[in-house]
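The values are calculated or read from the model by the stated rules, or taken from the named source; none is laboratory data. This one's a predicted model, so the numbers in the text were calculated from it and none came from an experiment. Glycine gets a Cβ as well: all are built from the backbone with ideal geometry, and neighbour counts include every protein chain shown.
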Amino acid sequence: MAITGSSRFGVGRSYSAWQVHEAWRARRRDMAQAYLNESATAQSGLATAWSNQIEGSAELAAKAAVTRIKTATQAVANSAAAIKIA
């Protein structure tokens, strides 16, 4: 059977300009929403990373301060023990 003689094979459906325009607008709207969703996800991730960085830095600074205080206290205790009162 020849393709040209069959009613099952023919030109595809043609769409009106309005339908094409609305489909284009819908795709653009979906793309914009996807971009906003991805942007919000990225912003949230960066904010969390920044917060964790600040928290980690503060923890390291506190540990360093405690170490300095312990070292200074030990030095004072050692110098006091070295003094002999006769």
Original post:
So Ser79 fits all but one of (1) at pLDDT 95 or above; (2) exposed (fewer than 10 other Cβ atoms within 10 Å of the Cβ); what number is the exception?
Top reply: (1)
**OP:** Can you tell me which residue among Ala34, Ala23, Ala40 is within 12 Å of the chain's Cα centre (by Cα) and on the phi < 0 side of the Ramachandran plot?
**Re:** Ala40
